[in-house]
Amino acid sequence: MSDRIEFKKAKRLKGEIVPPPDKSISHRAVILSSLAKGKSIVRSFLGAEDTMSTLNAFRKLGVKIEDKGKKIIIEGNGIRGLKEPEDIIDCGNSGTTARLMSGILAGNPFFSVLTGDDSLRQRPMARVINPLKEMGAEISGRGGDKYLPMAIKGRKLKAIKYAVPVASAQVKSALLLAGLYADGETEISEPIKSRDHTERMLSSYGAKIGIEGLKIKIKGGQKLKARNIDVPGDFSSAAFFIAAALLIPDSDITIKSVGINPTRTGLLDVLKSMGAEIKLTDIRDISGEPVADIHCKGGKRLNGVSITREQIPALIDEFPILCIAATQAGGVTTIRGAEELRVKESDRIKAMATEMRKMGVEAEELRDGISIKGNASLKGASINSYRDHRIAMAFSIAALTASGTTTIKDVSSVNISFPGFFQMLRKLSR
Ligand code: S3P
């Protein structure tokens, strides 16, 4: 794929699509199947760069994994069945791989090193290193235990009670996985509920876990049982098409089999409160996760909104596309309490403010968020995506509503979470 793409204004989006399988759930399916005893089959696995980082990590740890495209067959040897890797483990661009693996490796009696690409090596790791040290892990990272590479010498861990300072499913999950290796009961609490796929999946693999509000308890030494699992469609990938359909008049699309776990769908609530027409049908359950078909129609007037800290975790990955939706809403939209967005695959607050301004939007970067003046007439521009998949996809949607031609650079990053994104967009705009 050429690493830049050009767009012109689209007339409408029409048709039906199935989004790629959920990235978070695909990571976790590989992880828990690798730690379970026996053969697990993961159907509708997301074969994207991020999830392949997790799959390759477990191969390096001696787990037999057969990759048949969308179907993955994993022969787990139990939580004590991993082997010392012969080389460093490269987590690529994937924060989920690096952080969740750190929790597992901390409890395994061998030496391992985790690293990642230029972006991941700048992302904060103290948030997992510090609590894992409290559990007794021998673990250190570059820059005074702040960054990857991270070296881990696994030890016998002890259970701790830990209040995670920022709402982060990655940190919570790392500690729950470490808790499987700890003596006693680990208790984790989070300030605001983050995505709960790990909790749901741990119990479906047979682990006992206690959940009381924002507190989660897990006892060490539990065994996981192999199982077959189907991965639902990724709401965070569907989000780009939901917004596109709302912003391009005359659009009418159906997105099939999308995960609607309430810890992920904050964007739906926000868009509805802005006045959007979105309908969910055929609500069902797939492997312990709620799923629906989503129908969206364009052309309705949207109103700006104020979004506060409590709303952020459930729409954390939708910040870029929400910013684009806000440019077309009446009035000003402000998003606060979102400083976490500064330490994602790129500084997404800065990236969105800078690049939206190039398209003629009045956007103000705030320390913890952004303020966007709506009813903007977007004009084509040359957009830097900062090699961040979600920035590249958000501006692709913006480009479809803009006059003139928009060029987006470094778009191969979409393969991190959504191989086939541009083809799907083309199919709907025909
Ligand atoms: C993820 C958790 C979130 C999210 C990321 C995937 C996960 O990160 O932004 O894309 O799979 O657990 P944080 O835990 O850093 O908020």
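The values are calculated or read from the model by the stated rules, or taken from the named source; none is laboratory data. Values in this document were obtained by computation on a predicted structure and should not be read as measured data. For neighbour counting, all protein chains shown are included, and Cβ atoms are generated from backbone atoms with ideal geometry for every residue, glycine included.
Can you list residue pairs whose Cβ atoms sit under 7 Å apart, with the first residue in region 188-213 being more than 22 Å from LYS158 (Cα to Cα) and the second being buried (at least 22 other Cβ atoms within 10 Å of the Cβ) and basic (Lys, Arg)? Count only pairs 6 or more apart in sequence or on different chains.
The qualifying pairs are SER194/LYS172; ARG195/ARG264; HIS197/ARG28; MET201/ARG28.
Within region 224-237, can one find any residue that is under 24 Å from the mean Cα position of the chain (by Cα) and surrounded by fewer than 19 Cβ atoms within 10 Å (Cβ to Cβ)?
yes
Checking LYS256 against (1) in the same structural domain as SER33 (by TED's automatic domain parsing); (2) surrounded by 15 or more Cβ atoms within 10 Å (Cβ to Cβ); (3) among the charged types (D, E, K, R): exactly one of these is not met. Which one?
Among (1) in the same structural domain as SER33 (by TED's automatic domain parsing); (2) surrounded by 15 or more Cβ atoms within 10 Å (Cβ to Cβ); (3) among the charged types (D, E, K, R), the lone unmet condition for LYS256 is (1).
Condition check: among the hydrophobic types (A, V, I, L, M, F, W, C), farther than 17 Å from ALA226 by Cβ, at pLDDT 95 or above and more than 16 Å from the ligand (Cβ to nearest atom). Does ILE5 satisfy that?
yes
Within region 109-128, how many residues are away from the ligand (no atom under 12 Å from the Cβ) and buried (at least 23 other Cβ atoms within 10 Å of the Cβ)?
Counting residues in region 109-128 that are away from the ligand (no atom under 12 Å from the Cβ) and buried (at least 23 other Cβ atoms within 10 Å of the Cβ) gives 3.
What number of residues within region 291-318 satisfy the criterion of being touching a residue at least 40 places away in the same chain (Cβ under 8 Å), more than 16 Å from the ligand (Cβ to nearest atom) and not in a strand (DSSP E or B)?
Residues that pass the stated criteria total 5.
Being within 19 Å of GLY298 (Cα to Cα) and of a type outside the set (Gly, Ala, Ser) narrows it down to one residue among ILE260, ILE229, ILE255; which is it?
ILE255
If we only count strands (runs of 3 or more DSSP E) wholly inside region 1-57, which ones have 3 or more residues that are in contact with a helix residue (DSSP H, G or I) (Cβ under 8 Å, 6 or more places away or on another chain) and in contact (Cβ under 8 Å) with a residue 40 or more places away in the chain?
Ranges flagged: 4-7, 14-17.
Would you mind finding the one in VAL361, VAL343 that is under 22 Å from the mean Cα position of the chain (by Cα) and either more than 30 Å from GLY116 (Cα to Cα) or surrounded by fewer than 22 Cβ atoms within 10 Å (Cβ to Cβ) (or both)?
VAL343
Mind telling me which of the residues ALA394, ALA398, ALA351, ALA376 ends up being touching a helix residue (DSSP H, G or I) at 6+ places or on another chain (Cβ under 8 Å) and farther than 14 Å from LEU247 by Cβ?
The conditions single out ALA351.
Just give me the residues in region 183-222 being surrounded by fewer than 19 Cβ atoms within 10 Å (Cβ to Cβ), part of a loop (DSSP other than H, G, I, E, B) and small (Gly, Ala, Ser), in sequence order.
Answer for region 183-222, where residues must be surrounded by fewer than 19 Cβ atoms within 10 Å (Cβ to Cβ), part of a loop (DSSP other than H, G, I, E, B) and small (Gly, Ala, Ser): GLY184, GLY206, GLY213, GLY221.
If you scan region 180-197, which residues turn out to be within 16 Å of the ligand (Cβ to nearest atom) and either modelled with pLDDT under 95 or out of contact with any Pro (no Cβ under 8 Å at 6 or more places or on another chain) (or both)?
The answer is ILE188, SER189, GLU190, ASP196, HIS197.
How about region 24-51: which of its residues are surrounded by fewer than 24 Cβ atoms within 10 Å (Cβ to Cβ), within 15 Å of the ligand (Cβ to nearest atom) and of a type outside the set (Asp, Glu)?
Across region 24-51, the qualifying residue is only ALA48.
Report whether or not ARG227 is modelled with pLDDT of 95 or more and out of contact with any helix residue (DSSP H, G or I) (no Cβ under 7 Å at 6 or more places or on another chain).
No; evaluated as a whole, the condition is false for this residue.
Keeping to region 223-238, report how many residues are in contact with a strand residue (DSSP E or B) (Cβ under 8 Å, 6 or more places away or on another chain) and either among the hydroxyl-bearing types (Ser, Thr, Tyr) or assigned to a strand (DSSP E or B) (or both).
4
Taking region 64-92, which residues are within 16 Å of the ligand (Cβ to nearest atom) and surrounded by fewer than 24 Cβ atoms within 10 Å (Cβ to Cβ)?
Across region 64-92, the qualifying residue is only GLY92.
If I ask for residues that are of a type in the set (Ser, Thr, Tyr) and more than 12 Å from the ligand (Cβ to nearest atom), which ones from region 158-178 would you list?
TYR162
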